[in-house]
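The values are calculated or read from the model by the stated rules, or taken from the named source; none is laboratory data. What you are looking at is a predicted structure, and each value in this text was computed from that prediction instead of being measured. FYI the Cβ positions are ideal-geometry reconstructions off the backbone, even for glycines, and counts take in every protein chain you see. With ligands, DNA and RNA removed, areas are computed over all heavy atoms of the protein, side chains included. Shrake-Rupley method; radii C 1.70, N 1.55, O 1.52, S 1.80 Å.
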Amino acid sequence: MIEVRLHGRGGQGAVTANEILAEAAYYEGKYAQAIPMYGTERRGAPVTAYLRLDEVRVRERDLVHEPDIVVVLDPAIAQRPAILEGLKEGGLVIANYPHPPELYPLGGNFMVSTVDATAIALETLKRPITNTAILGAFSKVTGLVKVESIEKAILHRFPGPLGEMNVNAVRRAYERTPMPIQARGEVRKDEEGPLSGSGYGLIRSAAGWRTFRPVWDLDKCTGCRICWIFCPDNAIGWAEEKPTVDYRKCKGCGICVNECPTKAIEFKREGI
Amino acid sequence: MEHKSFEVMTGNKACAWGVKLSRVQVASIYPVTPQTTIGEYIAEFIANGELKCELVNAEGELATQAIVKAASRVGARTFVCTSGPGQLYMHHPMHGTSSGRLPVVMATVHRGNKGMQPDHTDLMSQLWTGWIQWYCENNQEVLDSVIMAYRTAEDKRVRLPIAIGYDGYILSYTSEPVEIPDQASVDEFLPPYEPIPNILPDKWAEAQRGRGAGMMEGFMSGGGDPQAAWRIHHEAILNSKEVIKEVNEEFGKRFGRKYGNGLVEEYRTDDAEAVVVAMGTIASTARVAIDRMRSEGKPVGLVKLKTFVPFPTEDFQELGKRVRAIGMIDRNVCLGLGGAGFGELRRALYDLDERPKVLGFYAGLAGAEVRVRDIEKMAEKTLKAARGEKVDPIVEWAKLGGGG
Ligand code: SF4
Ligand code: SF4
């Protein structure tokens, strides 16, 4: 039995990626079990999913604690040592990370391969939904599931142009993903604690959730308060008739950017 | 794997497939996590023209139950589903449905009553409502159980509603391959539903004549005995065991899968000195634990308890003569009384001349994760008791979450 753990954020499609992998594996005669674990169920919040692949029906109904493979859909989460928890000795990490595996910042006894799935998603889907691109990398690096099966599963789930765009993302990632190397980064502890906690806890900071950050041009702002009303996370404050922003609370949803009638808010990609 | 018609699907989709294959005519659903997507899948089947069904949006679970009760009375095959708090809100009309001996089928996608996470307290809270209760361990069993439930509930010897429980999140959102039986075979297995009495206008006169006779005896006429309504209802549930077994056998013959004898399934109980009893998904994980212990030569087995109401008293009495100790794993607690399974099991075994020891374990409440090694520990303790060692306490809150 092969056990996989996926890390992502709400909105990146980790749960969908997991289901597509299960279906693709099933086309190849494998028995697959795809378990999602929901936390706060908000766009941007860390999400964990688990996959088991076997030749016979999987009976275990607990979560995966000692994965053979860890897949990370988010470049910020990919840098957190917490993703390595329980990873088998000599296991494999496949990370959405904008630099080659030689520069991957985490170290230990594991193999790693990286792909800039965010860039591929922006090229093909025009959105930072990285789930399908990372599947191309998974197929290339593990050989566990053929890329054709992944494409078939995607088209089954998203028929038409949306499916085609995603298939494109899979293919590009498949081409661009290098074979894994021994991890060379730093061995260190995670300061922020475990990733896969579920439940409705208090979130200390949503800053790490963002792919983009809203940036205000107050000269264009008329002070209409629309952004302040619409922000779902109370990240926008008010001072001297103009909006202020608390980037610890801002999860980067882009609603303010969309709603601003004078286009005073620009959405800029966060740097890694 | 043999390729018949399979699809990788969640437990909630498997449930919706069961509804579709059973050609349900009226469904009423109010959204509550984690059952909500069942309604979405049913709506999709209807929108695609794959299912002819009236899906009634209601203002709450009390209304959904009242709606399917009425629809069932006039002769529609009906479905309703809920979770956790929704199940509690439905309590009152559930009595009406069962007292009217209406074969409504309900899915309860477990969510405990102390939070969002799964345990069996939602459906266990309905033990007094006069419904048959089944518990499932995987998505295939969810789909199959829906079909078997209509066949059982609508059998003229039964005419009772059936609740099918399955663990929220653990099954509701987990995807795995499920075999989809073909429609023609399901149609043969499950003939159309005929209401008793038929109260449609053209049948009404006949229905009036039928009052007080046959299965409506007692709770329509009273027959002079004010207790008759309870007695007849109680006996009807007890008598459903034979039909449950029969339907399970026939399902097995036709579709190549069955679930023990329909009431319980014994797993590796041959020569077992001790067995654990588990329900729902814990039974699935327990199979792995039992396999591990058997490979170490430990004589332990598993009984999966599928039908909780009516309780398989006879099966456990027979088992009780073969084993020295039984460990009941309860994913529920009746506050101030104890685990529902533990209490029932002891009741069932009390009259044996030589009884096995019965231990109790609370595990998996409020979504607590139950791992293979957790179950191994419970089975170890039960085996100790079987071998005459003193175990203390007899009933415990299992310490969960050890590594491995
Ligand atoms: S992107 Fe805008 S609307 Fe969204 S959380 Fe940040 S400030 Fe609020
Ligand atoms: S919506 Fe735009 S114009 Fe209105 S207050 Fe916000 S930034 Fe200013």
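Do the conditions hold for A:Glu28, that is, is it among the charged types (D, E, K, R), in contact with a strand residue (DSSP E or B) (Cβ under 7 Å, 6 or more places away or on another chain) and within 13 Å of chain B (Cβ to nearest Cβ)?
No: the conditions fail for A:Glu28.
More than 10 Å from chain B (Cβ to nearest Cβ) and modelled with pLDDT of 90 or more: is that true of A:Ile35 in this structure?
no
Would you check if A:Asp74 is closer than 18 Å to A:Gln12 by Cβ, assigned to a loop (DSSP other than H, G, I, E, B) and either outside the structural domain of A:Glu102 (by TED's automatic domain parsing) or open to solvent by less than 40 Å² (accessible area, probe 1.4 Å) (or both)?
Yes.
Filter region A:214-242 down to the residues that are closer than 24 Å to A:Ala45 by Cβ and surrounded by 14 or more Cβ atoms within 10 Å (Cβ to Cβ) and list them by number.
A:Pro214, A:Cys227, A:Trp228, A:Phe230, A:Cys231, A:Asp233, A:Ala235, A:Ile236
In region A:96-153, what residues are assigned to a strand (DSSP E or B) and open to solvent by 50 Å² or more (accessible area, probe 1.4 Å)?
A:Met111
Go through region B:370-404 residue by residue and tally those that are part of a loop (DSSP other than H, G, I, E, B), out of contact with any His (no Cβ under 9 Å at 6 or more places or on another chain) and surrounded by 15 or more Cβ atoms within 10 Å (Cβ to Cβ).
4
Since B:Ala379 meets every condition but one in (1) over 28 Å from the mean Cα position of the chain (by Cα); (2) hydrophobic (A, V, I, L, M, F, W, C); (3) within 17 Å of B:Pro299 (Cα to Cα), which condition does it not meet?
Every listed condition holds for B:Ala379 apart from (1).
Given (1) among the acidic types (Asp, Glu); (2) under 22 Å from B:Ile180 (Cα atoms); (3) open to solvent by 10 Å² or more (accessible area, probe 1.4 Å), where does B:Glu54 come up short, assuming only one miss?
Condition not satisfied by B:Glu54: (2).
Looking only at strands (runs of 3 or more DSSP E) that lie completely in region B:1-108, which have at least 1 residues being more than 19 Å from the chain's Cα centre (by Cα) and over 24 Å from B:Thr129 (Cβ atoms)?
B:6-10, B:54-57
Only one of B:Ile196, B:Ile180 is farther than 12 Å from B:Asn138 by Cα, in contact (Cβ under 8 Å) with a residue 24 or more places away in the chain, in contact with a helix residue (DSSP H, G or I) (Cβ under 7 Å, 6 or more places away or on another chain) and away from every other protein chain (no Cβ under 14 Å). Can you tell me which?
B:Ile196
Residues are listed down the side, and each one gets a yes or a no for (1) closer than 14 Å to A:Arg210 by Cα; (2) away from ligand 2 (no atom under 12 Å from the Cβ):
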{"site": "A:Asn234", "(1), (2)": "no, yes"}
{"site": "A:Trp238", "(1), (2)": "no, no"}
{"site": "A:Arg248", "(1), (2)": "yes, yes"}
{"site": "A:Ile265", "(1), (2)": "no, no"}
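I'd like the full set of residues that are within 14 Å of another protein chain (Cβ to nearest Cβ) and surrounded by fewer than 20 Cβ atoms within 10 Å (Cβ to Cβ), limited to region B:320-369.
If the condition is that a residue be within 14 Å of another protein chain (Cβ to nearest Cβ) and surrounded by fewer than 20 Cβ atoms within 10 Å (Cβ to Cβ), then B:Ala366, B:Ala368, B:Glu369 are the ones that fit.
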